[in-house]
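The values are calculated or read from the model by the stated rules, or taken from the named source; none is laboratory data. Values in this document were obtained by computation on a predicted structure and should not be read as measured data. So basically every Cβ, Gly included, is an ideal-geometry build from the backbone, and we count neighbours across all protein chains shown. Note: accessible area is taken over every heavy atom of the protein model, side chains too, but ligands, DNA and RNA are not part of it. Shrake-Rupley method; radii C 1.70, N 1.55, O 1.52, S 1.80 Å.
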Amino acid sequence: MVREFQPADLVTLGNGVCGCLSLMFAMKALLTQNTDFLFSSFWCIPAGVMFDFFDGRVARWQGSTSLLGQELDSLADFCSFGIAPAVLGFACGFQKMLDLVVLTYFVCCGLSRLARFNATVASLPTDQNGKVKYFEGTPIPTTLVIVGVLAYGVYYGKFWRFANPYVWGGEISVFPGYELHPLVLMYGLSGTLMISRRLRIPKP
């Protein structure tokens, strides 16, 4: 199978590698209570964005777009920009039961958004170069914004330092025995924007 990979597919795999490393560094941070691993996890996400930016351009430059490359791109994106940001949120302290509901909703929205794109890309309007003119809903790499908020919070001590648990913005009680960190709602907003059909964003 590896012999069938095009140069663009190898770039896409770089995105997937970044997502996997981000997940493992986040888990390592929880196990060791060392925020250095958390920052390593953060940095993997913008690195994944760079790979995601260049794989399409390499494919068009080589004239080597393929169904395999399209599916590989979606799976790599889901790992780097869907699962990894959610796990980072958990590592930063969004660990209440209702937090987990929101994080799970976010992941499912990312998965659904990528599946919808793959299922409808052939019917979307394109320009003279064959590029899709717009995105339906926000592209999943925009979750980099969430990762940036988390990194800012950890750097400036607004999230827990493991020994002194604290989450930026505190927590509220929604039901007796069920608390929620209000900041986790940025995941809910991001997920909702990803699956919106009315929101159309011009593709650069």
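The accessible-area ordering, largest first, of the residues TYR152, TYR134 stands as TYR152, TYR134, per a 1.4 angstrom probe.
Charge dipole (Cα centre; +1 on Lys/Arg Cβ, -1 on Asp/Glu Cβ; no other charges) of the chain amounts to roughly 420 debye.
Helices assigned as whole DSSP H runs in the chain whose Cα atoms extend at least 30 Å along their own long axis and whose mean Kyte-Doolittle hydropathy is 1.0 or higher are found at 7-32, 97-120.
Karplus-derived 3J(HN,Hα) values for the range 136-141, using 6.51 cos²θ - 1.76 cosθ + 1.60 with θ = phi - 60°, are 8, x, 5, x, 5, x Hz; glycine and proline are entered as x.
In this simple spin-label model, placing a label point 7 Å from the Cα along the Cα-to-Cβ direction at both LEU13 and SER66 gives a separation of 1.2 nm. Using label points projected 7 Å from each Cα along Cα→Cβ, tell me how many nm separate TRP43 and LYS28, to one decimal. Result for the modelled spin labels: 1.1 nm. With all protein chains kept in place, the per residue accessible area of the chain amounts to 54 square angstrom at a probe of 1.4 angstrom. Calculated FRET efficiency, GLN95 to LEU75, Cβ-Cβ distance, R0 = 25 Å: about 0.40 to the nearest 0.05. Quick check on the range 75-117: take the gyration tensor over C-alpha atoms, sort the square-rooted eigenvalues as a ≥ b ≥ c, and tell me if it's rounded (a/c under 1.5), prolate or oblate. Verdict is oblate for the range 75-117. Most tightly packed first, judged by the mean number of other beta-carbon atoms within 10 Å of their residues, the peptides 84-95, 184-195, 13-24, 29-40 read 84-95, 13-24, 184-195, 29-40. Computed from the Cβ-Cβ distance with R0 of 25 Å, the FRET efficiency linking LYS203 to VAL145 stands at 0.85. Could you work out Rg/(2.2 N^0.38 Å) for the chain, with Rg from alpha carbons only? With N residues counted in the chain, Rg over 2.2 N^0.38 Å equals 1.09.
Given the -39500 (n - 2.57) contribution per DSSP H run of 4+ residues, what per-residue ellipticity at 222 nm results for the chain, rounded to the nearest 500 deg cm²/dmol?
Details: 7 runs with 120 residues, N = 204.
The helix contribution divided over the chain gives -20000 deg cm²/dmol.
Heavy-atom surface analysis with a 1.4 Å probe gives the chain a carbon and sulfur content of 67 percent of its accessible area. Each residue, TYR105 and VAL174, gets one label point 7 Å from its Cα in the Cβ direction; the gap between the two is 0.6 nm.
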